[in-house]
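The values are calculated or read from the model by the stated rules, or taken from the named source; none is laboratory data. Everything numeric in this text was worked out from a predicted model, so none of it was measured. Cβ: placed from backbone, ideal geometry, glycine included. Neighbour counts: every protein chain shown. Only protein heavy atoms, including side chains, enter the accessible area calculation; ligands, DNA and RNA are left aside. Shrake-Rupley method; radii C 1.70, N 1.55, O 1.52, S 1.80 Å.
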Amino acid sequence: MRLGFLAFRNMVSKPLNLLLSLLLLVLSVFLVTFVLQLSKQLSGQLDKNIAPFDMVVGAKGSPLQLVLSSVLHVDVPTGNIKLEEAEFLTKNPMVGSAIPVSYGDNYKGYRILGTTHEYLDKYGATLLEGEMYSKSFEVVVGSIAAQKLGLKLGDSFTSSHGLAASGVESHEDHPYVVKGLLKPTGTVVDRLLISNLESVWEAHEHVEEHGEEHEEEHDDGHSEEHEHDHDEAHEHNFEDERAGEEHHHEDREVTSFLVKFKNPMAMVQLPRFINENTNMQAALPGFEVQRLLGLLGSGIKTINGIALAILLVSGLSIFISLLKTIRERRRELALLRIYGLGTAQLLWVVFMEGLFLTLSGFFLGWLLGRIGIWITSMVTEASYGYNLQITGFDAAELGFLGMALLITLVATLLASISIFKLNISKTLSDA
C-alpha cells in the first residue's frame, strides 16, 4: 500500500508530463474503442436487416441504392416496376418467396410501407396489442415509430407524399387507422408503419384524380358547349368503367420485390437473367452490404493505424516520463535501498506509476468512446432510425488493454535499467 502511494505521488508530482502522456493514451484508446464499436454494431445491424432476403428486384439504377431503399429504408427508391411484369418471380421454382413492397408516403418522417403479412413474418414481428391490418388504410406500427409518434390503438392520421418529414401534400381523404402495435424486433420493422399494398395504390390514385380535377377547375375555357361535351365524355367513361378498372389493375406498380431463394442455384441464374432480359434490376443485399462495409473498412483500418501510432507515441511518452523521474529521484531511490527496499521493489514502484497512468488513460479513453457512440446513436436515430447500444468491455477492447499494458511494461523496464546500476554510496555522496 505504501509503495502504491509512493508511485501515485511520483506520478502526480510532474503534472505536465502526466497530462501529455495521459492525453496521448486517452486519444488512442478513444479512437480504437469508438471505431471498433461503431463498425461492429453497424455490421451487426446491417446483417440482421438483410438476413430475411437474398435478392431485391426493382427499377434500373444503382444496386446499392435499391438495397438501401427497399431493405434498409435509408435511401430513396430507384423508381417503380410494373406488378404484372414482376409477378413471374412468385411462380419461379427457384424462388421460395417473393414479397412485393411499395412506398412513397410518410407520417412525420416515418415511412408507410405497403406489403403483405409475409413481410412481417420474415422479420419475426409479432403484435404487442391489437390486430393485423385487414383492409385498406389500416396499419400496424413498429415499436420505435409508435414511441416517437405517440401512436396508440385506434388513433388516426393522414400521410404526406414523399419520404421526408417536410412533405406538404397530405392525403386527407384517406386517413390511416392504427389497428396494431408491434413488439420490438431490433430491425427496420421497428421504425415503419405497415399497411397493405392497396392503401398505397389508392392514396396515389386519389392524388392523380385530385390533380386532374384541380386542372379542370382552373380551366379558362369553360362554356356551355364545353360543359355539354364534358358530360357526354363522362357518360362514355362511366359506361366503360369496368373495362377501365381492369386495365388500371394491369398498370399497378410496386417499388420492389424482396426475394428469398429456394436453392443456391437461384443466386447464380436469376439475377443475371433479370438484369439481362428485363427492364428491371436485381441486386443481392449480402453482396452490396459487404461492398459497402469494404469501403468503410479501409477507413476503419486507417483510423486504427493512426490510433496504434498514437499508442506507440504514448508509450514513448511514458518511457521518457519514467526515465526522467528515475534520474531526478536517484538520491531518493538510493535512500529507499538503504531503508531495505530491494531492486525488485523499486522496479515495482516505477511499474505501478506506469500502471496507474495506463489504467486511468485507458478508462478515460474507453469512457469517451462510449460517449461518442451515444452521440452518434442520437444522430443516426434521428437521421436513419438506427440506434446503437452502449455495451461493456468486449474481447477486442480487452486485447487492446493488454497491448497498452505490454507497452507500459516495456517502457518501464527500459526506463528502469539505471536502477540495476544504482551506486548507493556514489549517489548519496554526489547529492
- [ ] For Phe319, work out the one condition from (1) buried (at least 17 other Cβ atoms within 10 Å of the Cβ); (2) closer than 27 Å to His73 by Cα it doesn't fulfil.
- [x] (2)
Open item on the list: If a residue must be farther than 20 Å from Gln45 by Cβ and of a type outside the set (S, T, N, Q), how many such residues does region 292-307 contain?
Closed with: 4
Task: Residue that is modelled with the lowest pLDDT, among those in region 55-111 that are in a helix (DSSP H, G or I) and β-branched (Val, Ile, Thr) - done: Thr90
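With the requirement that a residue be touching a residue at least 60 places away in the same chain (Cβ under 8 Å) and either in a helix (DSSP H, G or I) or open to solvent by less than 10 Å² (accessible area, probe 1.4 Å) (or both), what does region 177-193 give you?
Of region 177-193, the ones touching a residue at least 60 places away in the same chain (Cβ under 8 Å) are 182, 185-193.
Scanning region 177-193 gives Leu182, Val188, Val189, Asp190, Arg191, Leu192, Leu193.
To keep it simple, each residue is scored yes or no on (1) more than 35 Å from the chain's Cα centre (by Cα); (2) farther than 14 Å from Tyr107 by Cα; (3) modelled with pLDDT under 95.
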{"site": "Gln147", "(1), (2), (3)": "no, no, yes"}
{"site": "Ser160", "(1), (2), (3)": "no, no, yes"}
{"site": "Ala165", "(1), (2), (3)": "no, no, yes"}
{"site": "Leu181", "(1), (2), (3)": "no, yes, no"}
{"site": "Glu198", "(1), (2), (3)": "no, yes, yes"}
{"site": "His222", "(1), (2), (3)": "yes, yes, yes"}
{"site": "Asn237", "(1), (2), (3)": "yes, yes, yes"}
{"site": "Asp240", "(1), (2), (3)": "yes, yes, yes"}
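Criterion first (at pLDDT below 90 and part of a loop (DSSP other than H, G, I, E, B)) does Glu208 satisfy it? Quick ask: steps written out before the conclusion?
Details: at pLDDT below 90: yes; part of a loop (DSSP other than H, G, I, E, B): no.
No, not satisfied.
Residues to consider are Lys91, Lys122; find the one that is in contact with a Pro (Cβ under 9 Å, 6 or more places away or on another chain), at negative phi and open to solvent by 60 Å² or more (accessible area, probe 1.4 Å).
Details: Lys91 fails: in contact with a Pro (Cβ under 9 Å, 6 or more places away or on another chain).
Only one candidate qualifies: Lys122.
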- [ ] Using the structure shown, decide if His171 is modelled with pLDDT under 95 and surrounded by 14 or more Cβ atoms within 10 Å (Cβ to Cβ).
- [x] yes
Open item on the list: Given (1) more than 27 Å from the chain's Cα centre (by Cα); (2) at pLDDT 95 or above, identify the lone condition not met by Val140.
Closed with: (1)
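Is one or more of the residues making up region 418-429 modelled with pLDDT of 85 or more and in contact with a helix residue (DSSP H, G or I) (Cβ under 8 Å, 6 or more places away or on another chain)? Before the answer, list the steps.
If we filter region 418-429 for residues that are modelled with pLDDT of 85 or more, which is where we start, we get none.
Within region 418-429, not a single residue is modelled with pLDDT of 85 or more and in contact with a helix residue (DSSP H, G or I) (Cβ under 8 Å, 6 or more places away or on another chain).
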Open item on the list: So for region 384-399 (the condition being at pLDDT below 75 and assigned to a helix (DSSP H, G or I)), does at least one residue qualify?
Closed with: yes
TODO: Would you be able to tell me the number of residues in region 83-127 that are polar (S, T, N, Q) and within 12 Å of Val259 (Cα to Cα)?
DONE: 3
- [ ] Go through region 75-102 and give me each residue that's farther than 19 Å from Asn196 by Cα, acidic (Asp, Glu) and without any contact (Cβ under 8 Å) to a residue 24 or more places away in the chain.
- [x] Asp75
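Restricting region 259-288 to residues that are of a type in the set (S, T, N, Q), at pLDDT 90 or above and not in a helix (DSSP H, G or I), which is surrounded by the fewest Cβ atoms within 10 Å (Cβ to Cβ)? Before the answer, list the steps.
Filtering region 259-288 down to residues of a type in the set (S, T, N, Q) leaves 263, 269, 275, 277-279, 281.
Now drop any that are not at pLDDT 90 or above, which leaves 269, 275, 277-279, 281.
Filter again for not in a helix (DSSP H, G or I), leaving 278-279, 281.
Values: Thr278: 15, Asn279: 10, Gln281: 22.
Looking at residues that are of a type in the set (S, T, N, Q), at pLDDT 90 or above and not in a helix (DSSP H, G or I), I get Asn279.
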